[in-house]
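Let me begin by presenting the structure, written as structure tokens, before commenting on it.
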Amino acid sequence: MKICIPTQTDEGLKAKINAHFGSAPYFTIYDTDKEAFEVINNSNQHHMHGMCQPMSALDKKKIDVVVCGGMGLRAVTKLNDSGIKAYKATDGTTADVIKRYKEGSLEEITSESACDHSDCSD
């Protein structure tokens, strides 16, 4: 399984989670089977509101899960339509987030809990 964690830096397992999916500078992808990670630059991090395309950077990575501080309804819908689940984690490092995911202690982001950008708890 591949877990994608939007991060503030390219420090791998030490990188801090980014508050929001589409505007993250990097995506750290952790492969639970291989216990290895890969860091990808998000070339689309600077975009107009509602115009982000984070999946373009992740297109060929075949991720199963995204864990981030929050994301909008369109992103949640696009991920879910592709068979990818989203979970919320608002703090910690990539290693912390992976541990909490494996423990099953993260809340799933659904269409009901997606950010509407007026009250997003990033």
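The values are calculated or read from the model by the stated rules, or taken from the named source; none is laboratory data. Owing to the predicted nature of the structure, the values given are computational and were not obtained by experimental measurement. Cβ sites come from the backbone with ideal geometry, for glycine too, and all protein chains shown count toward neighbours.
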Worksheet, complete the sentence: Within region 97-121, restricting to residues that are among the hydroxyl-bearing types (Ser, Thr, Tyr) and at pLDDT 95 or above, the one that is surrounded by the fewest Cβ atoms within 10 Å (Cβ to Cβ) is Ser105
Worksheet entry | Selection within region 79-110 - among the hydroxyl-bearing types (Ser, Thr, Tyr) and either closer than 20 Å to Val39 by Cβ or within 13 Å of the chain's Cα centre (by Cα) (or both) | Tyr87, Thr90, Thr93, Thr94, Tyr101
Discussion item. List the residue pairs whose Cβ atoms are under 7 Å apart, where the first residue sits in region 3-27 and is in a loop (DSSP other than H, G, I, E, B), the second is among the charged types (D, E, K, R), and the two are 6 or more positions apart or on different chains.
Written reply: Gln8/Lys16; Thr9/Lys16; Ala19/Asp122; His20/Asp122
Fill in: Residues located in region 63-112, provided they are closer than 21 Å to Leu13 by Cα and of a type in the set (A, V, I, L, M, F, W, C)
Ile63, Val65, Val66, Val67, Cys68, Ala86, Ala89, Ala95, Val97, Ile98, Leu106
Fill in: Residues satisfying the stated conditions in region 62-96, i.e. assigned to a helix (DSSP H, G or I) and at pLDDT 95 or above
Thr94, Ala95, Asp96
